Amino acid sequence: MRIAIIGGAGAMARTTILDLLNNKEIESVLLADYQEEKAKQIAASFDDPRIEACFVDGFNVEQTAKAIENYDAVINSAQLFPGLFEKIMDACLISKCHYNDLGGMFWTTQKLLKRNDEFKEAGLTAILCMGSAPGITNILGRYACDRLDEVEDVHFWDASVDLTDMQGIEVFLPPYSIRTIMQEYSDEAVQYINGAYQVLAPLSGAAEAEFPEPIGKRICIHTLHSEPATFVPAFKHKGLRNCTWRLGLPIEFHEKAKFFSEIGFSSTEPVKVGEFEVVPREVLASVVEKHIREKLAGVQLEINDVECLRAQVFGKKDGQKYEYIVDCIVRPHKVWKGSCGDLCTGVPSSIAAQMQCQGIIREPGVWGPEVIDPEFFFSELGKREMYVEVMVKQILTPN
């Protein structure tokens with residue numbers, strides 16, 4: 001198996017690389033990135049002859065296609081920029097590579113789903129949204145839906161807590177890309193309610209849920225996410241009426257991120273500063289990255305965080321009403337270290353790419369994560385120290 005990672009120099013790719021190199025059947029891993037020198041430094045740090053790096057501009061279809069032409073599958077781990085994912089998919093079609101990505105924030109995901117016929121004709125599979133959320137969440141939901149005759153409501157949740165000993169250092173440390181968080185905190189949230197997609201205000205729909213300790217009770221809010229984009233078409237035939245998503249970041253971080261968004265740092269519209277024009281979101285990202293580098297220079301932290309990815313499903317089996325709560329509990333990997341977010345975001349795309357290369361996912365076309373068999377996938381997660389728990393309640397109703 002030969003697998004290329006576009007955006008291979010990014011933070012989310014680290015665990016993907018570790019997971020791929022852990023499989024002796026992987027012949028080659030390519031880190032393809034616009035930041036060529038950084039990609040080469042990362043490749044060299046693994047001290048493994050199977051990994052190499054190269055420059056790639058994902059917007060340049062021909063150049064990208066040339067870079068990946070000898071590979072079986074591409075993992076798109078790049079930051080979501082307008083039009084970029086479409087270009088990478090174009091390159092995969094030219095080079096006859098399977099494709100998967102970490103998610104397109106609903107609107108892009110909907111666009112990519114429309115490319116089903118192109119990939120089907122090429123005999124290739126494309127799996128969208130193969131991160132943690134979306135990704136793991138969707139497959140948790142499928143597990144429950146597969147056990148029900150009718151599905152009425154599906155609610156996806158994600159909550160986390162960070163208990164890391166910061167050694168007295170005050171540092172603003174996002175759990176994942178601050179660019180993505182700013183988009184989630186500022187864009188209108190699309191949810192599927194009463195049989196139709198509805199556009200809601202960002203950070204609306206506050207609801208409290210009880211998660212396993214040490215997370216406990218958490219207020220979660222709607223943000224723009226891709227779960228409803230792929231899950232609704234996959235299970236609408238079972239009568240699905242409501243499909244929602246809520247995020248519950250640690251409250252201290254949530255308040256700071258909300259403040260940055262409210263004062264305009266989520267914007268991608270350039271503003272003039274003196275003689276120059278700058279993009280507020282990029283300024284924030286650069287400042288945060290510099291802040292982290294300086295605050296944590298020479299500091300060794302033992303990351304201690306916990307995340308719960310959840311699918312809550314209501315439906316019927318043999319005329320009886322049931323509620324399923326399917327949780328994936330994630331902590332830092334004992335050997336790979338990093339954060340729980342690194343683990344649950346980086347590993348699913350690796351699992352999916354290996355399944356694509358091995359022909360386990362046989363039907364060509366463009367799919368959401370729901371195409372993946374849950375029990376097989378949960379077994380693979382367990383091998384990476386991510387475990388799934390299921391609670392089933394029968395809801396008794398008057399005759």
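The values are calculated or read from the model by the stated rules, or taken from the named source; none is laboratory data. Everything numeric here is computed off the predicted structure, so don't read it as measured data. Glycine also receives a Cβ, built like all others from the backbone with ideal geometry; neighbour counts cover every protein chain displayed.
Of the residues making up the range 38-94, those that are small (Gly, Ala, Ser) and either surrounded by 15 or more Cβ atoms within 10 Å (Cβ to Cβ) or farther than 24 Å from Lys24 by Cβ (or both) are Ala39, Ala43, Ala53, Gly58, Ala65, Ala67, Ala73, Ser77, Ala78, Gly83, Ala91.
Take the residues in the range 244-281 that are of a type in the set (Asp, Glu) and more than 23 Å from Ala189 (Cβ to Cβ), then tell me which one is nearest to the chain's Cα centre (by Cα). Spell out how you get there, then give the answer.
Step one: of the range 244-281, the residues of a type in the set (Asp, Glu) are 252, 255, 262, 269, 275, 277.
Subsequent filtering for residues that are more than 23 Å from Ala189 (Cβ to Cβ) retains 275, 277.
Values: Glu275: 38, Glu277: 31 Å.
Of everything passing the filter in the range 244-281, Glu277 is nearest to the chain's Cα centre (by Cα).
Residues in the range 28-49 that are farther than 22 Å from Gln358 by Cβ and of a type in the set (D, E, K, R): Asp33, Glu36, Glu37, Lys38, Lys40, Asp47.
Within the range 50-62, none of the residues are under 24 Å from Gly359 (Cα atoms) and either in the same structural domain as Gln198 (by TED's automatic domain parsing) or of a type in the set (Ser, Thr, Tyr) (or both). Is it the case that some residue within the range 319-326 is over 21 Å from the mean Cα position of the chain (by Cα), part of a strand (DSSP E or B) and within 16 Å of Ile139 (Cα to Cα)? The answer is yes, given that some residue of the range 319-326 is over 21 Å from the mean Cα position of the chain (by Cα), part of a strand (DSSP E or B) and within 16 Å of Ile139 (Cα to Cα). Figure legend. Inter-residue proximity from the range 63-83: first residues within 12 Å of Lys96 (Cα to Cα) and in a loop (DSSP other than H, G, I, E, B), second residues at pLDDT 95 or above and among the hydroxyl-bearing types (Ser, Thr, Tyr), beta-carbon distance below 7 Å, spacing 6+ or different chains. Indicated pairs: Glu69/Ser95. Elements of the type strands (runs of 3 or more DSSP E) sitting completely within the range 193-273 and holding at least 3 residues that are of a type in the set (A, V, I, L, M): these cover 196-200. Listed by first and then second residue, the pairs with beta-carbon distance under 7 Å, at least 6 apart or on different chains, first residue in the range 111-140 and in the same structural domain as Glu375 (by TED's automatic domain parsing) and among the acidic types (Asp, Glu), second surrounded by fewer than 24 Cβ atoms within 10 Å (Cβ to Cβ) and part of a helix (DSSP H, G or I), are Glu118/Leu93. Residue-level analysis places Ala159 among those that are buried (at least 16 other Cβ atoms within 10 Å of the Cβ), among the small types (Gly, Ala, Ser), touching a Cys at 6+ places or on another chain (Cβ under 7 Å) and more than 30 Å from Glu69 (Cβ to Cβ). Only a single item in (1) over 22 Å from the mean Cα position of the chain (by Cα); (2) within 27 Å of Ile329 (Cβ to Cβ); (3) hydrophobic (A, V, I, L, M, F, W, C) is not met by Ile221, and it is number (1). Check whether at least one residue in the range 96-111 is over 18 Å from Ile26 (Cα atoms), of a type in the set (Ser, Thr, Tyr) and part of a loop (DSSP other than H, G, I, E, B), and report yes or no. Scanning the range 96-111, I find no residue that is over 18 Å from Ile26 (Cα atoms), of a type in the set (Ser, Thr, Tyr) and part of a loop (DSSP other than H, G, I, E, B), so the answer is no. For the range 100-109, indicate whether the set of residues that are in contact with a strand residue (DSSP E or B) (Cβ under 7 Å, 6 or more places away or on another chain), among the charged types (D, E, K, R), surrounded by fewer than 18 Cβ atoms within 10 Å (Cβ to Cβ) and at pLDDT 95 or above is non-empty. No, the conditions are met nowhere in the range 100-109.
When Val171, Val151, Val199 are checked against the criterion of being buried (at least 19 other Cβ atoms within 10 Å of the Cβ), β-branched (Val, Ile, Thr) and on the phi < 0 side of the Ramachandran plot, Val151 stands alone in meeting it.
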